[in-house]
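Notes follow once the structure below has been shown.
The values are calculated or read from the model by the stated rules, or taken from the named source; none is laboratory data. Just so you know, these numbers come straight off a predicted model, no measurement behind them. Ideal geometry is used to build each Cβ from the backbone, glycine not excepted, and the neighbour counts take in all protein chains shown. Areas reflect the complete protein model, heavy atoms only, side chains present, ligands, DNA and RNA absent. Shrake-Rupley method; radii C 1.70, N 1.55, O 1.52, S 1.80 Å.
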Amino acid sequence: MIAKIKSVLWRLFPALGVLVALIVQNAVPNSPLHPAAVKNYYTGLLQILLALAVLFFVLSLFIKPIKEKLYNKGPFLFGAGIVVTVINVITAKAALLPVLFFPSYDNILAVFVDSHELLLKCVWYSFKLMALGVFWGIIAGFITGVFLGFSQKVYYWINPYIKLIGPIPATAWIPLVLTTFPTPFGASVFIIALAVWFPVQLMTSSGIQNTTKVYFEVGKTLGAGTFFQVFKIAVPAALPNIFQGVFNGICAAFIALMTAEMFGAKYGIGWYISWQKAMMLYSGVYAGLIMIAVFCTVIISALFKVRSKLLGWQKGLIKW
């Protein structure tokens with residue numbers, strides 16, 4: 001009996017967390033120090049979330065996977081609702097923090113409604129930069145890593161230069177790159193690619209060098225050529241390291257992307273945050289930060305989906 005009550009309560013927690021946030025939002029008035037929002041966007045969002053939470057609770061009564069997921073995540077989602085409510089009280093309701101730097105939820109959400117076209121344009125611009133930079137960075141890092149990992153001669157002559165240049169943060173090259181490339185877009189792509197290149201080549205070469213030598217000896221005995229040894233033995237064995245390098249590279253690429261867009265870019269999430277900060281519109285700054293969080297989460301989650309497909313035998317070794 002107690003177990004059943006606990007199961008129901010745990011699955012109700014998400015709805016309870018949203019309900020607490022909704023009650024506080026409607027029962028406690030906002031501080032007059034905050035600019036009044038045109039519409040109650042936060043209240044509308046909470047109502048939608050409450051409806052979804054109730055819907056998932058009802059579905060959990062009939063669908064076992066939803067029941068298990070909601071049971072595991074319920075307490076955390078309730079806690080998240082309480083955290084959001086506490087922040088709302090500290091900022092919008094009591095104005096305990098400077099109003100200019102800590103706007104209300106309504107004013108932040110209003111940015112998404114009023115400037116959605118510009119925000120979508122900035123997201124698309126950042127996505128193009130990110131996609132091109134990561135693509136060329138992975139290609140360059142993979143090729144460099146294969147040569148360094150498989151050839152002792154290449155490693156001898158090239159690795160000292162990589163040790164010297166690689167650890168330098170990609171963003172440190174921005175002043176030089178901006179004067180070298182004809183367009184800020186090309187310069188930004190290069191900076192992102194440079195940020196991705198080093199960890200990818202490092203982990204690729206390390207993975208190949210750490211591959212058991214017996215595999216290569218067996219391959220040679222069976223008549224395998226260099227191409228076969230590289231792409232049928234070395235690269236598959238190094239795939240876990242390669243994906244770790246790609247993960248580290250993408251994390252570094254986000255930093256490079258945001259920084260590069262703040263120097264000469266016409267659009268992009270980083271440009272938007274810098275612009276809003278210069279205009280002292282911190283509701284736009286927080287909207288940009290939310291977009292970065294969603295943008296990064298989607299890309300990293302997609303990467304781990306691909307990794308789980310290619311490296312199913314390593315599932316659970318690195319979690320996201």
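The mean sequence separation of alpha-carbon pairs under 8 Å and at least six residues apart, normalised by the residue count of the chain, gives a relative contact order of 18 percent. Setting aside same-chain residues fewer than 8 positions from LYS6, which lysines have a Cα under 18 Å from its Cα? Output for LYS6: LYS64, LYS67, LYS69, LYS73. When the Cα positions of VAL54, PRO103, TRP10 are compared along the charge dipole of the chain, TRP10 comes out farthest toward the positive end, with charges on each C-beta of Lys, Arg, Asp and Glu.
For the chain, give the percent of accessible area contributed by carbon and sulfur heavy atoms, probe 1.4 Å, rounded to a whole number.
74
In this Cβ point-charge picture (+1 for Lys and Arg, -1 for Asp and Glu), region 1-153 has a dipole of about 620 debye about its Cα centre. Taking all protein chains as they are arranged and a probe of 1.4 Å, the heavy atoms of LEU164 leave approximately 120 Å² accessible to solvent.
When Rg and the Kirkwood Rh are both derived from Cα coordinates, the Rg/Rh ratio for region 29-173 amounts to 1.20. Specify whether the C-alpha gyration tensor of region 1-77 places it in the rounded, prolate or oblate class, a ≥ b ≥ c being the square roots of the eigenvalues: rounded for a/c under 1.5, otherwise prolate if a/b is larger than b/c and oblate if not. Because a/c hits 1.5 or more and a/b exceeds b/c, region 1-77 counts as prolate.
On a per residue basis, region 129-197 carries 57 Å² of accessible surface, using protein heavy atoms and a 1.4 Å probe. Please determine, in degrees from 0 to 90 and to the nearest 10, the orientation of helix 152-165 with respect to the longest principal axis defined by the Cα atoms of the chain, where the helix direction is its Cα long axis. Approximately 40 degrees, to the nearest ten.
Students often forget the sequence filter, so: which lysines lie under 21 Å Cα-Cα from LYS309 once same-chain residues fewer than 8 apart are removed? Of all the lysines, those that pass the test against LYS309 - Cα under 21 Å, at least 8 places apart if same chain - are LYS232, LYS319. Applying a DSSP loop filter and a limit of 12 other Cβ atoms within 10 Å to the chymotrypsin sites (Phe, Trp or Tyr not before Pro) in region 41-109 leaves PHE62, PHE101.
If only the Cβ of Lys and Arg carry +1 and only the Cβ of Asp and Glu carry -1, the dipole of the chain around its Cα centre is close to 1000 debye. Coupling constants for region 242-253 follow from the phi torsions by the Karplus curve (6.51 cos²θ - 1.76 cosθ + 1.60, θ = phi - 60°), and in residue order they are 4, 5, 5, x, 5, 4, 4, x, 5, 4, 5, 5 Hz; glycine and proline get x.
Just need the relative contact order of region 104-252 here, percent rounded to a whole number, with Cα pairs under 8 Å and 6+ apart.
31
Our summary gives region 1-153 a relative contact order of 31 percent, counting only alpha carbon pairs under 8 angstrom and 6 or more residues apart. Per residue, region 249-293 exposes 43 Å² of solvent-accessible protein surface, assessed with a 1.4 angstrom probe and all protein chains in place. Solvent-accessible surface of region 8-123, taken per residue with a 1.4 Å probe and all protein chains present: 59 Å². Taking every alpha-carbon pair within region 116-173, the share separated by more than 12 Å comes to 75 percent. For Rg and Dmax of the Cα atoms in Å, the candidate list reads (1) 27.3, 81; (2) 20.9, 77; (3) 25.1, 81; the entry that matches the value derived from this model is (3).
Placing unit charges on each Cβ (+1 for Lys and Arg, -1 for Asp and Glu) gives the chain a dipole about its Cα centre, and among PRO240, ASN26, ILE292 the Cα reaching farthest toward its positive end belongs to PRO240.
Straight-line reach from LYS121: taking Cα to Cα under 23 Å and skipping same-chain neighbours fewer than 8 places apart, the lysines in range are LYS266, LYS277.
For the chain, the longest principal axis of the alpha carbon atoms and the long axis of helix 184-209 meet at an angle near 60°. Using the alpha-carbon centroid of each, what span in Å lies between region 111-169 and region 61-99? Region 111-169 and region 61-99 have Cα centres separated by 36 Å.
Stokes-Einstein, applied to the Kirkwood radius of region 98-229 over Cα pairs at a viscosity of 1.567 mPa s and 4 °C, places its translational diffusion at 71 µm² s⁻¹. Calculated [222 nm] ellipticity per residue, helices only, for the chain: -25500 deg cm²/dmol; basis is -39500 (n - 2.57) per DSSP H run with n ≥ 4, divided by all residues, nearest 500.
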